[in-house]
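This report refers to the structure that appears directly beneath it.
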Amino acid sequence: MKISICSFSFHRLLAAGQQDIFQYIKDCKELGCTQLDPWNAHLAQLNHGADALHAGANPDQSQHLKAVDDEFLERVKLAADEAGLPFGCIAVDGAHIYEESEEARISNRQRAYRWIDIAEKLGASSIRIDAGGPPQWTEEVFDIVVEGYKDIIARAEKAGVKVVVENHWGPTVDPDNTVKLLVAVPGLGLLLDSWNWAHGKQADGWLKCAKYATATHIKTFRFTEDGQELTQNVPAFCKLLLANGFQGTWGVESVPADGNEIEGARKTIQLIERSIS
C-alpha cells in the first residue's frame, strides 16, 4: 500500500515550533509512509507560528508563504533521501489561478512558477494549485482559470511535475464545477479530498469525481476507542475509489479534534489499511 501524510495534518505542531520539515520527514518515516506530501507552509519562511495557522484557515489569503531558498531545499532533499522517502504531492496555498485583478493574478502565477521549480528540485511527482474564484464561475472567470491551468501545466510538464486541482475552497467545492474544469483542461489531475464539499454535496462529489482521482486527502476528525471515524464513512470512500480503479497513493489529511496530530495520522493510516484490505 502506498501511503502518505499531507503535512497540513501537523499544522498545529508546526505553528507551535514542535515540528519542521525535517521532523516531518522523520515522523512520516516512523508512521510507515511511502512518500512525502508536504503542505507548502512546511517549506516556507515563517516568521511566527500564527503565519501557519492563518494560512491553514485562509488558503485564499496565503500569499505570505514565501518559499525557502535553494540551499535549504538541498538540505531537505538530502534528509528525504536519507529517509528513503520520495516527494509526492506538494500542496500549495497562495498561488491559485484566479484573482479579480490582473496584477494579483500575475503575482500568484509567479508564485506558482516558483513552487513548480521547488517541486522539480525536490523530485516531487505533483503539485496542487487551487483554482480560486467566486463560488460560481462566470464564463469570463472560467476562461481565465482554464488559461491559467494550461499555462502552468505546460511549465510543469517541462519540469516532470503533474499539476492537480483539489476540491478545496471556492468554486471547486461544487462537484459539477470540478468536473467541468477537469474536462476543459487536458492533463489536469485531481487531488480528491473526501471532506471538502459544499453542504449537502459530499455524496455527489464522491460519485462524480472518484473516477478522476489521481491523489487523495482522506479527512478524519474524531475516532472511537476502537478506531472508527465518526464524521464520515471512510471505508465507503476507499472502496468507491477502488471500484473506480484508483491506484494512487492513499493520502492522509487528519485534523484531530483532540489536538493529538501524530496519533490522528496514525489512526487514519490504520483505518485506511482496514478499509482497503
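The values are calculated or read from the model by the stated rules, or taken from the named source; none is laboratory data. As the structure is a prediction and not an experimental result, all values here were calculated from the model. Cβ atoms come from the backbone with ideal geometry, glycine included; neighbour counts cover every protein chain shown. Areas reflect the complete protein model, heavy atoms only, side chains present, ligands, DNA and RNA absent. Shrake-Rupley method; radii C 1.70, N 1.55, O 1.52, S 1.80 Å.
Brief remarks follow.
- Flag for ASP151 being at pLDDT 95 or above and touching a helix residue (DSSP H, G or I) at 6+ places or on another chain (Cβ under 9 Å): yes
- Residues in region 240-265 that are among the acidic types (Asp, Glu) and over 26 Å from ASP204 (Cα atoms): ASP258, GLU261, GLU263.
- In this entry, LEU241 is excluded by the filter for residues that are of a type outside the set (Gly, Ala, Ser), crowded, with 16+ Cβ neighbours inside 10 Å, under 17 Å from the mean Cα position of the chain (by Cα) and at pLDDT 95 or above.
- Single residue of region 209-225 satisfying the filter (small (Gly, Ala, Ser) and in contact with a helix residue (DSSP H, G or I) (Cβ under 8 Å, 6 or more places away or on another chain)) that is surrounded by the most Cβ atoms within 10 Å (Cβ to Cβ): ALA213
- Annotation note: Cβ proximity below 8 Å between a residue of region 117-144 that is farther than 22 Å from ALA156 by Cα and a residue that is of a type in the set (Asp, Glu) (sequence gap 6+ or interchain) occurs for PRO135/ASP174; GLN136/ASP174.
- Near pairs, Cβ below 9 angstrom, 6+ apart or cross-chain, from region 3-29 (part of a strand (DSSP E or B)) to any residue that is loosely packed, with under 15 Cβ neighbours inside 10 Å and not basic (Lys, Arg): ILE3/GLY32; ILE3/GLU273
- Matching residues, region 249-277, being under 25 Å from GLY189 (Cα atoms), of a type outside the set (Val, Ile, Thr) and open to solvent by 20 Å² or more (accessible area, probe 1.4 Å): GLU273
- Residue ranges of strands (runs of 3 or more DSSP E) in region 77-166 with at least 2 members surrounded by 22 or more Cβ atoms within 10 Å (Cβ to Cβ) and touching a Leu at 6+ places or on another chain (Cβ under 7 Å): 162-166
- Verdict on LEU73 being in a loop (DSSP other than H, G, I, E, B), in contact (Cβ under 8 Å) with a residue 12 or more places away in the chain, in contact with a helix residue (DSSP H, G or I) (Cβ under 9 Å, 6 or more places away or on another chain) and crowded, with 16+ Cβ neighbours inside 10 Å: no
- Of all residues in region 42-58, those satisfying the criterion of being surrounded by 18 or more Cβ atoms within 10 Å (Cβ to Cβ) and touching a strand residue (DSSP E or B) at 6+ places or on another chain (Cβ under 9 Å) are LEU43, ALA44, ASP51, ALA52, ALA55, GLY56.
Matching residues to (1) of a type in the set (A, V, I, L, M); (2) touching a Cys at 6+ places or on another chain (Cβ under 6 Å); (3) at pLDDT below 95:
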residue: PHE8; (1), (2), (3): no, no, no
residue: ASP20; (1), (2), (3): no, no, no
residue: CYS33; (1), (2), (3): no, no, no
residue: ALA41; (1), (2), (3): yes, no, no
residue: ALA57; (1), (2), (3): yes, no, yes
residue: ALA79; (1), (2), (3): yes, no, no
